[in-house]
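Working notes, beginning with the structure itself.
The values are calculated or read from the model by the stated rules, or taken from the named source; none is laboratory data. Bear in mind the structure is a predicted one, so any value in this text is a computation, not a measurement. All Cβ positions, glycine included, derive from the backbone under ideal geometry; neighbour counts span all protein chains shown. Note: accessible area is taken over every heavy atom of the protein model, side chains too, but ligands, DNA and RNA are not part of it. Shrake-Rupley method; radii C 1.70, N 1.55, O 1.52, S 1.80 Å.
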Amino acid sequence: QVQLVESGGGLVQPGGSLRLSCAASRSIFTLTMAWWRQAPGKQREWVADILGNDDTNYEDSVKGRFTISRDNAKNTVYLQMDSLKPEDTAVYYCNVDLGTGQVYWGQGTQVTVSS
């Protein structure tokens with residue numbers, strides 16, 4: 001199993017930036033990592049993922065604004081969020097797919113975009 005700890009959330013004005021971090025308890029270099037988010041009263045939605053070969057995928061509403069990356073030496077995945085909008089407000093979660101049907105989630109970090 002793997003433990004994941006997100007950090008970097010906070011309150012930011014529209015147009016601002018945040019970088020979220022997700023630290024894993026073990027090596028992640030072969031694994032697919034992803035960011036999801038959940039707004040109050042809504043289902044959790046997928047935001048972005050990064051494969052073991054560093055290919056990336058993004059939900060349409062965040063393309064061009066968010067960048068997912070990884071630092072395998074630090075067992076950490078990042079989500080750089082630029083040009084933030086109020087609709088980006090949510091609890092952001094990272095997860096890891098072990099490729100065996102096992103998926104692990106972090107505890108989440110709150111992102112609030114408000115003027």
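Among residues other than Gln110 whose Cβ falls under 12 Å from its Cβ, what is the net charge (Lys/Arg +1, Asp/Glu -1)?
Charge balance in the 12 Å sphere: -1.
In percent, what relative contact order does the chain have, based on Cα pairs under 8 Å that are 6 or more apart in sequence?
This gives 37 percent for the chain.
Over the chain, average the accessible area per residue using a 1.4 Å probe and give it in Å², no decimals.
52
Can you tell which of Gly99, Gly16, Gly52 shows the greatest fluctuation in a Gaussian network model of the chain with Cα springs below 10 Å?
Among Gly99, Gly16, Gly52, the largest GNM mean-square fluctuation belongs to Gly99.
Please report the carbon-and-sulfur percent of the accessible area for the chain; probe 1.4 Å, protein heavy atoms only, DNA, RNA and ligands left out.
About 47 percent, which is the carbon plus sulfur part of the accessible surface.
Sum up the charges of everything whose Cβ sits under 13 Å from the Cβ of Leu84, counting Lys and Arg as +1 and Asp and Glu as -1, but leave Leu84 out.
Values: positive: Arg19, Arg37, Arg65, Lys85; negative: Asp82, Glu87, Asp88.
Around Leu84, the charge tally is +1.
For Lys42, give me every one of the lysines with a C-alpha distance below 23 angstrom, ignoring sequence neighbours fewer than eight places off in its own chain.
Lys63, Lys85
Expressed as a whole number of Å, what is the distance separating the alpha-carbon centroids of the range 73-102 and the range 1-52?
For the range 1-52 versus the range 73-102, the Cα centre distance is 2 Å.
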